[in-house]
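Notes follow once the structure below has been shown.
The values are calculated or read from the model by the stated rules, or taken from the named source; none is laboratory data. Please read all numbers here as calculations on a predicted model, not as lab measurements. Glycine also receives a Cβ, built like all others from the backbone with ideal geometry; neighbour counts cover every protein chain displayed.
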Amino acid sequence: MPATDLLSSQGLRLDGRRPNELRRIRCRLGVFTQPDGSAYLEQGNTKVLAAVYGPHQASKSKLSTEGVVVNCQYSMATFSTGERKNRPRGDRKSQEMSMHLRQALTAAIKTELYPRSQIDIYVEVLQADGGAYCACVNAATLALTEAGVPLRAYVCASSASMAAAGAGSAGPEPLLDVGHVEEAAGGVVLTVAALPTTGHIALLEMSHRLHMDYFDIVLSRAMQGCRDIEVILDRAVRDHLAEGWTKQDVMTI
Amino acid sequence: MWTTKTFLTKTKRGNILKIVREHYLRDDLLCGSAACNVCPHKDDEYVLDPKPESICALFDYPHYLVLDTNVVLHQIDVLEEDALTNVIILQTVLEEVKHQNTAIFQRILDVIGNKKRKFYSFVNEHHKDTYVERNPGEKQNDRNDRAIRKAASWYETHLSINNVKGQHPKIVLITDDEKNRKMAQEEGITCCSVKDYVENVNGFVGLVDKLSKNVIPESCSKDALYPAHLTPAEIHSGIRNGKLHQGTFHASRDNFLEGTATVNGYEKSILLQGHIGINRAVDGDLVAIEVFPEEEWRKPSDIVLEDKADDPGDLLEEESVLLNAVKPADNKNEITPTGKVVGIIRRKWRQYCGILLPSKFPGATRHLFTPAEKRIPRVRIETRQSDMLASQRILVALDSWPRNSRYPLGHFVRALGPIGDKDAENEVILLEHDVPHARFSEAVLACLPPNDWTIPPEEIKKRVDLRSICICSVDPPGCTDIDDALHARPTATAGVYEVGVHIADVTHFVRPATALDKEAASRSTTVYLVDKRIDMVPDLLSSNLCSLRGGEERLAFSCVWEIDENANILSTKFHKSVIKSAAAMTYEEAQIAIDDSSRNDEIARSLRTLNKLAKKLKKKRLDNGALLLASPEIRFQVDSETHEPLEVQAKKIMDTNSMVEEFMLLANVSVAQRLAEDFPQCALLRRHPSPPPANFEHFLLAARQQGFEIDVSTNKSFSKSLDEAVIPGRPYFNILLRIMATRCMMQAVYFSSGNHTQEEYYHYGLACPIYTHFTSPIRRYADVLVHRLLAASIGADVTHAELLDVRYAAALCDNLNYRHRQAQYAGRASVALNTHILFKYRVEIESAVVLAVKRNALQVLIPKYGLEGPLYLPSDMFTYNEENHMQICGDVTLKTFDELTVRLSLDSTNLQHRKLVFQLVKPFVPGFSYVPEEQKEKKPEQMEVDKEQENLKKRKDTAQSKGSKKKSKKK
Ligand SMILES: [Zn+2]
């Protein structure tokens, strides 16, 4: 169900983006010292933290001889939305999000390298403004990279929606990286987690029904978003490493 | 490219929620000017001329116009004229317009979309150099004005970059806000008011007439006639604390000083009386109302009161006439909650058709305009073309209603044609009922197949070939858009028939989301006026390629049943097909074919089978509780050349009418069942809610007076008691009863299956649990959608996104229902117009029946013509018995269902509201009833009395009787 009024007659979205543009992404690796890897990521006004512990020996109950067990925990801060709500950890929504995160991240991690081990990934949504899942995946990828966990490729997530043709608006046209306002307008939101370099899709989720005619264009727009995000994440990792090396060099000398 | 600069916009809502929104500012937005040397325009992105020629004497150099929000909102008629070009519409303005008035928003978008007009919409809100942030404590309006000024001065500097000094176009800011103009001047922006600009435009005659006289209504406290309206904030808090109520104002048709408003919390609608009580509300406006304490409640005046013919100037006359009429009632049941309008929440003004009432002073520019719709007050307009316009039907827009003006102010929009001219009158009907009737656009016509289109062989292969079957269509005479055809033939099993209904396959030509489809969806229905048809789809489709003409191969969507002798449905199937109708017959021809026992051809046999089965189907349906309702439909014989009506008669109903109807009902029900199964969320269906008991009150009383107790508890019992209510020797009585029953009904409406529960699908009138429209896709858009759904359901076509979109379906149903209703009203208005033309030179004495008894009139119906209207009764002769709804004068009692003889003539004293006048002939009421000339001569003393009474009546009533009397003498 495409939503109306999301695209102006001049082809701009409500916040001034064009249909194929991501929100502003800002990120930092290594924000904590305690975990093996950590990252902070902002996608527009959605802000998330990710921390990675491991790989370390798996607890008995979870142990697998096949490969590493990926353990994800998703949570939302009490202050993350406009109305402050006490959010118990492990509620249904968090559990579902944790599972989805696990699915996407497991697809990227070379699990076969660490049998009998476990990797713990914690993500916390500090501020939610649409697309929290995508931001979490992207932040977790950065944290995993910082922790030095071998990955097949970056796993990136992006959402896309559909703007209907309406009075005074262009369209129908797929919209990349859906913000809260656009989500609330009631259009369908398609979320993809993918490994852009290999072209694998790790997770695909859709909020409403979408007509077949639109599916391909919405999906390819979301995939385009994943590729754009990969470029941004890659640059962040390289900047971080460059920064890290100079610091270490200074220390050793 | 996107800039990484982020601004946060904070908004507060309801329970104080801080909302932070991203706002991206860009550096890739174009200015749209061909004089620009900076922006990377592509060739097709230039909208504004490099050196626009000035048409305004005040500014003799090339310039672009920047408009503020109020200019667009109020002067849209000026902007739509092909005069002003090279105009910059800022996004700030567009958004404010969109927020305030969607109709005007759409109109300005159309202007922007028209390349010739050179209107450029500049996205200043997202441009990095023109965005302004709201200062602390600054009002939103002030911020927006500042944003507009900022954009204006940005353009000025932007265009000067890399340009020879003084060579580039200047910017002129058009605003009527004096404060804004002053601030702009301080900032060095050239500015001007709309009035000054337009009045100095050369070469466009009549542009000045279109200027909206927009005065801020509450500012004119000097010489104020009306109390000031409350401010929006006062209204808001008044409604919240329950002191005020919100409601839509409905003006009375009969009394210009009276109206009502329905509000929540009151069972009856609130009565609003007098200039002050109505306080400048216009029919349809959303108003805030203060309800008086109960001891001040009154009852509706029940009198007819028209605004004076002459212009009293800006004075409110004494309202004694009205006040006398509304003495507080003794009967508690009669009083209605009464109140007054204290504020306007939202105006629902549109453009109105009517005539100009030229001022008596020669050379005056201020004139009064009388709308055709009686509920709308007269309007003061300014024009210098009054001589030319006085004989025309014109269209006028309302602008404002200041406190010191007796009438609302408006401006002339366009002339529709001479008064009395058939085309102009039809145009009025179409405009007043919001019927889209412009010629089909090029884009729509481009969607049509070529004129000589024939069915391609590969299309035939995809379909079931029914060309060899004897199919025929039965329609009213002269029908060119034939939607449906039928056939029936015996099957191999004895006593089982194959019956097919074949419907024109319109969706083969009208493909989803094309310009043709959008136009058809917007029109929703073909509108039938007496002498004119406004097609939903272009003529090539409606009267040719889709129309199932006799002897021609056509594409069809077929519904084929196996039916046994007792009219039980054994099987149903749907498929697309190719048919070749054997004959396109009229109801009469078909009836003759059935009755003529010498005929034994295939068509006659097929028709006889259909007729036999239809009768059984109908009986079943009636046994189920379906209502047989009636409405007095009339047919005009129209002169084929002049389109003048020649004769009028009630429509004849034959067996074959009901035969076709029965199978169409069956097809619709079959399709509805299938759709509801396959598309539980988005099937387009039609429901008919059962009427609330209150609707029947008067009807039951009238029936009781005739000695019948009608049981309306269910449609089945209702139908049964209607059947039993027969008076021997008065065959028309039962029909009349059914006509009146029809008026107690609710409107049937389209809906989307997902929006209602299964119980609500019920169709009360047809007594079937589910119903839709499938059989007239040429003239109804609902059927087009149903065809698409059914085609998807049987795999004959693919679905598309909008077809399955629940929200889209709901919006579409709203439009369908609205257009449907408007089309009905337009049709009735056309009948009234033609009746008036017909009776222009005619006076007749006919038998009539009383449909309803009102306080000062009888509503009478003339069965022969199907005409109805009021027969006014003077209150000094007749006493109204409220309890029994009777009018009594001496020993004459008039009540519902009574049969009378009346004299029919036309009153043309008021050109806009010509009406049929009904005068009582029998029963004879001395001094009131009309006496034919020859009788008068026989009874001279009677004539004396009569004349005296006539004189009396002349003084009292309007001038109606005068007009008719003159005519009768001529005769
Ligand atoms: Zn430019």
Condition (residue is crowded, with 16+ Cβ neighbours inside 10 Å, more than 29 Å from B:N279 (Cβ to Cβ) and of a type in the set (S, T, Y)) applied to the stretch B:374-387: is it met by at least one residue? yes
Can you spot a residue in the stretch A:185-197 that is in a strand (DSSP E or B) and of a type in the set (G, A, S)? yes
Picked from the stretch B:21-33 (must be in a loop (DSSP other than H, G, I, E, B) and crowded, with 17+ Cβ neighbours inside 10 Å), the residue nearest to the ligand (Cβ to nearest atom) is B:C31
Mind listing whichever residues of the stretch B:66-95 are more than 14 Å from chain A (Cβ to nearest Cβ) and of a type in the set (V, I, T)? B:V66, B:T69, B:V71, B:I76, B:V78, B:T85, B:V87
Report, by residue number, each residue of the stretch B:381-404 that is of a type outside the set (A, V, I, L, M) and touching a residue at least 40 places away in the same chain (Cβ under 8 Å). B:E382, B:T383, B:R384, B:Q385, B:R393, B:D399, B:S400, B:W401, B:P402, B:R403, B:N404
Looking at this structure, is B:H502 within 14 Å of B:S581 (Cβ to Cβ), in contact with a Gly (Cβ under 7 Å, 6 or more places away or on another chain) and either of a type outside the set (A, V, I, L, M) or not assigned by TED's automatic domain parsing to the domain that holds B:R788 (or both)? no
Name the residue, out of B:V474, B:V444, that is under 31 Å from the mean Cα position of the chain (by Cα), of a type outside the set (S, T, N, Q) and more than 30 Å from B:S522 (Cβ to Cβ). B:V474
Selection from the stretch B:463-492 of residues of a type in the set (S, T, Y) and in contact with a strand residue (DSSP E or B) (Cβ under 7 Å, 6 or more places away or on another chain) yields B:S473, B:T491
Taking the stretch B:200-234 only, how many residues are modelled with pLDDT under 80 and in contact with a Phe, Trp or Tyr (Cβ under 6 Å, 6 or more places away or on another chain)? 1
Among the residues of the stretch A:93-138, the number that are assigned to a helix (DSSP H, G or I) and either of a type outside the set (D, E, K, R) or within 24 Å of A:T65 (Cβ to Cβ) (or both) is 24
If we scan the stretch B:53-65, do we find a residue that is away from the ligand (no atom under 16 Å from the Cβ), assigned to a helix (DSSP H, G or I) and more than 14 Å from chain A (Cβ to nearest Cβ)? no
Some residue of the stretch A:28-41 being within 12 Å of another protein chain (Cβ to nearest Cβ) and β-branched (V, I, T): no
Note on the stretch A:1-56: residues within 18 Å of A:Q73 (Cα to Cα) and without any contact (Cβ under 8 Å) to a residue 40 or more places away in the chain are A:F32, A:Q34
On the given criteria, is B:K98 more than 16 Å from the ligand (Cβ to nearest atom), under 38 Å from the mean Cα position of the chain (by Cα), within 11 Å of another protein chain (Cβ to nearest Cβ) and of a type in the set (K, R)? yes
Output for the stretch B:121-135, where each listed residue is buried (at least 20 other Cβ atoms within 10 Å of the Cβ) and more than 10 Å from chain A (Cβ to nearest Cβ): B:N124, B:T130
Taking the stretch B:34-52 only, how many residues are more than 42 Å from the chain's Cα centre (by Cα), free of Cβ contacts under 8 Å to residues at least 60 places away in the same chain and more than 10 Å from the ligand (Cβ to nearest atom)? 2
Which number in (1) within 28 Å of the chain's Cα centre (by Cα); (2) surrounded by 22 or more Cβ atoms within 10 Å (Cβ to Cβ) marks the one condition that B:Q747 misses? (2)
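One line per residue, one yes/no per condition, for (1) among the basic types (K, R); (2) outside the structural domain of B:D505 (by TED's automatic domain parsing); (3) surrounded by fewer than 20 Cβ atoms within 10 Å (Cβ to Cβ); (4) at pLDDT 80 or above:
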residue	(1), (2), (3), (4)
B:G795	no, no, yes, yes
B:H800	no, no, yes, no
B:A810	no, no, yes, yes
B:D814	no, no, yes, yes
B:A823	no, no, no, yes
Within the set of pairs 6+ apart or on separate chains, which have a first residue in the stretch B:522-538 that is more than 12 Å from B:A438 (Cα to Cα), a second that is hydroxyl-bearing (S, T, Y), and C-beta atoms under 7 Å apart? B:S524/B:Y781; B:T525/B:Y781; B:L529/B:S830; B:V530/B:S830; B:R533/B:T526
Options B:L766, B:L812, B:L833, B:L785; residue that is in a loop (DSSP other than H, G, I, E, B), of a type outside the set (D, E) and either within 27 Å of the chain's Cα centre (by Cα) or within 14 Å of chain A (Cβ to nearest Cβ) (or both): B:L766
Cβ contacts < 6 Å: first residue in a helix (DSSP H, G or I), restricted to the stretch B:444-460; second residue at pLDDT 90 or above, any location; separation 6+ or different chain. Result? B:V444/B:L516; B:V444/B:E519; B:I460/B:V578
Quick check on the stretch B:66-73. Is at least one of its residues away from the ligand (no atom under 15 Å from the Cβ), more than 40 Å from the chain's Cα centre (by Cα) and of a type outside the set (S, T, Y)? no
With the condition kept exactly as written, say whether any residue in the stretch B:171-180 is of a type outside the set (D, E, K, R), within 16 Å of the ligand (Cβ to nearest atom) and in the same structural domain as B:E96 (by TED's automatic domain parsing). yes
